[in-house]
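Supplied in structure tokens, the structure appears directly below.
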Amino acid sequence: MQKRTVLITGSTSGIGLAIAKAFAQEGYNLIFNGLETDGAQTAAAVAEEYQIAHLFDPANMLHPEALRTLVMRAEQRFGCIDILINNAGIQHVSPIEDFPEEKWDAILGVNLSSAFHLTKAVWPAMKQQRFGRIITIASAHGLVASEFKSAYVAAKHGVVGFTKTIALEGAPYGITANAICPGYVRTALVDKQLADQAATHHLSEDEVAEKVLLAKQAIKQFIPTESIAAMCLFLATEKAATLTGAALSIDGGWSAQ
């Protein structure tokens, strides 16, 4: 099989980096993206470790023109983006009456609108080659809600709906679209939440994990990044050619309740 190319947003840390390493191990060409100051070095280190071709672009998900430029650069380098993984995301927690309007706009922009802009940009080449994979890292909050997360829940529900629409539009052209809906994943952002809530509730971090963060999950364990990466790898293959328009839960039983 000709070596395929994958673009992963937010891929220089957390879930995105785990996904990038999984694809690198399988020999894919990688387009990395992230806002970390050491993002280019992180991308280069992964590419060196797995001996793959790569490109790094620090495009901000809030700037549509930067996203179009990212896709143009990638297509000039590799010819076509075969797999787009919309992973970048941000969060803010606040009661609705206090929710900052600028946070609402930013969360919708990063978590939802960027997926639209990037999908639109990669679509013509995917359509022409009659192969494409659009994979979006949504959330359990794309299926269920939690209080104080109005923007995040709205954006993730929007991502699931967007995924279903492009699955229908892509079906005649060999393009599939699916959303992955994880529960809580142990990342640096979650570590900060654990520390903050431990201080607030006067609990240990282990107690916060079980009684607060994982309270709604039947399996009281954080979702491994490796599970999300493995699902992405499967969705990228020919074996997943008829799996499209799905919101795939990896949430420890959260959405089953």
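Per DSSP H run of at least 4 residues, take -39500 (n - 2.57); add these up for the chain, divide by its residues and hand me the 222 nm value, nearest 500 deg cm²/dmol.
That calculation yields -14000 deg cm²/dmol at 222 nm.
If you don't mind, there's one more thing I want to ask. If I fit a long axis through the Cα atoms of helix 114-129 and take the longest principal axis of the Cα atoms of the chain, what angle between them do I get, 0 to 90°, rounded to 10?
Tilt relative to the chain: about 30 degrees.
Then there is this: So if I take the centroid of the Cα atoms in segment 40-80 and the same for segment 104-147, what is the distance between those two points in Å?
With segment 40-80 and segment 104-147 each reduced to a Cα centre, they are spaced 17 Å.
Putting +1 on Lys and Arg Cβ atoms and -1 on Asp and Glu Cβ atoms, find which of PRO100, ALA125, LEU248 reaches farthest to the positive end of the dipole of the chain.
ALA125
Same structure again: Can you give me the long-range amide H partners of SER249? Hydrogens built in the peptide plane at 1.01 Å from N, cutoff under 5 Å, separation of 5 or more residues or another chain.
Excluding prolines and chain starts, which carry no amide H, the hits are CYS181.
On C-alpha positions alone, give me the angle between the axis of helix 188-201 and the longest principal axis of the chain, in degrees, nearest 10.
10 degrees
Among LYS164/LYS211; LYS21/LYS239; LYS21/LYS127; LYS164/LYS220; LYS216/LYS239, which pairs are too far apart, with a Cα-Cα distance over 25 Å?
LYS164/LYS211; LYS21/LYS127; LYS164/LYS220; LYS216/LYS239
Right, another one. Under unit Cβ charges (Lys, Arg +1; Asp, Glu -1), what dipole magnitude, rounded to 20 debye, does the chain have relative to its Cα centre?
1020 debye
May I pose another question? Mind listing the long-range amide H neighbours of PHE32? Cut-off is under 5 Å, sequence gap 5 or more, other chains count too, H placed in the peptide plane at 1.01 Å from N.
LEU55, PHE56, ASP57
Of the trypsin sites (Lys or Arg not before Pro) in segment 50-147, which ones lie in a loop per DSSP and count no more than 16 other C-beta atoms within 10 Å? Could the numbers behind the result be given before it?
Details: sites: ARG68, ARG73, ARG77, LYS103, LYS120, LYS127, ARG130, ARG133; in loops: ARG130.
The qualifying sites are ARG130.
Would you tally the net charge around GLN129, using a Cβ to Cβ cut-off of less than 13 Å, leaving GLN129 out, and scoring K and R as +1, D and E as -1?
+2
Here's a follow-up. Can you give the relative contact order of segment 23-139 as a percent, counting alpha carbon pairs under 8 Å and 6+ residues apart?
Dividing the mean separation by the residue count of segment 23-139 yields 26 percent.
Filter the GluC sites (Glu not before Pro) in segment 131-238 to those in DSSP coil with at most 13 other Cβ atoms within 10 Å of their Cβ, and list the result. List each step's numbers first, then the result.
Values: sites: GLU147, GLU169, GLU205, GLU207, GLU210, GLU226, GLU238; in loops: GLU147.
In loop regions of segment 131-238 (DSSP not H, G, I, E or B), the sparsely surrounded GluC sites (Glu not before Pro) are GLU147.
While we're looking at this one, here's another question. What angle do you read, to the nearest 10 degrees and between 0 and 90, between the alpha-carbon axis of helix 64-78 and the longest principal axis of the chain?
Value to nearest ten degrees: 50.
How would you classify segment 53-208 from its alpha-carbon gyration tensor, with a ≥ b ≥ c the square roots of the eigenvalues: rounded for a/c under 1.5, else prolate if a/b is greater than b/c, otherwise oblate?
Prolate.
Every number here is computed from the coordinates shown, using simple stated rules; none is lab data. A quick note: this is a predicted structure, and the numbers were derived from the prediction, not measured. Cβ sites come from the backbone with ideal geometry, for glycine too, and all protein chains shown count toward neighbours.
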